[in-house]
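Note sheet for the following structure.
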Amino acid sequence: MSTTQTLQFSIPALNEGEVYAGAVFSPDGRGHHVVLLPETKPDCTWKDAMEFAAAAGGDLPSRIELQMLYHHAKSHFDKDWYWSNETYEFNGAYAWFQGFGNGTQGNGHKGDNDCRARAVRRLIIQ
């Protein structure tokens with residue numbers, strides 16, 4: 001017998017230039033809102049992208065958040081590659097990125113590859 005739960009939450013207030021992208025939930029029911037911040041950093045290394053996101057008051061999106069942004073907020077991105085905050089699990093010198101031209105994900109060397117960066121802020125859903 002399966003049970004379903006209905007989750008109810010409100011979309012958070014946005015600051016000027018921010019875009020609400022959606023919510024992410026883990027299998028245990030914990031979740032957070034994802035809000036895209038307005039600034040873009042052009043071609044940069046992963047370290048520079050991480051620093052940019054922190055200075056903007058957020059973080060780089062995770063791989064799952066980047067997929068959601070591709071589907072829900074693609075018009076707010078150039079058709080280019082964007083860094084995620086996730087290190088490639090088989091080689092710590094690499095990180096994951098998302099293509100906003102074709103929707104694919106890949107990984108590249110953190111110091112040798114240049115991708116764009118966008119920051120997100122996360123708000124816990126109570």
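The values are calculated or read from the model by the stated rules, or taken from the named source; none is laboratory data. These figures come from a predicted structure and were not determined experimentally. Counting neighbours? That spans all protein chains shown, and the Cβs are built from the backbone with ideal geometry, glycine included.
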Could you look through the range 9-38, keep only residues that are surrounded by fewer than 15 Cβ atoms within 10 Å (Cβ to Cβ) and among the acidic types (Asp, Glu), and pick out the one that is modelled with the lowest pLDDT?
ASP28
Given the criterion surrounded by 16 or more Cβ atoms within 10 Å (Cβ to Cβ) and either among the hydroxyl-bearing types (Ser, Thr, Tyr) or touching a Pro at 6+ places or on another chain (Cβ under 6 Å) (or both), identify the matching residue among THR45, THR6.
THR45
Given the criteria outside any helix (DSSP H, G or I), charged (D, E, K, R) and on the phi < 0 side of the Ramachandran plot, does GLU39 qualify?
yes
What pairs come up if the first residue lies in the range 51-72 and is farther than 18 Å from ALA23 by Cβ, the second is among the charged types (D, E, K, R) and surrounded by fewer than 21 Cβ atoms within 10 Å (Cβ to Cβ), and their beta carbons are under 8 Å apart, counting only those six or more places apart or on different chains?
PHE52/GLU39; PHE52/LYS41; ALA53/ASP59; ALA56/GLU39; GLY57/ARG121
Picking from SER26, SER62, SER10, the residue that is polar (S, T, N, Q) and in contact with a Ser or Thr (Cβ under 8 Å, 6 or more places away or on another chain) would be SER62
Quick test of your reading of the structure: LYS47 fulfils all but one of (1) assigned to a strand (DSSP E or B); (2) touching a Lys or Arg at 6+ places or on another chain (Cβ under 7 Å). Name the failing condition by number.
(1)
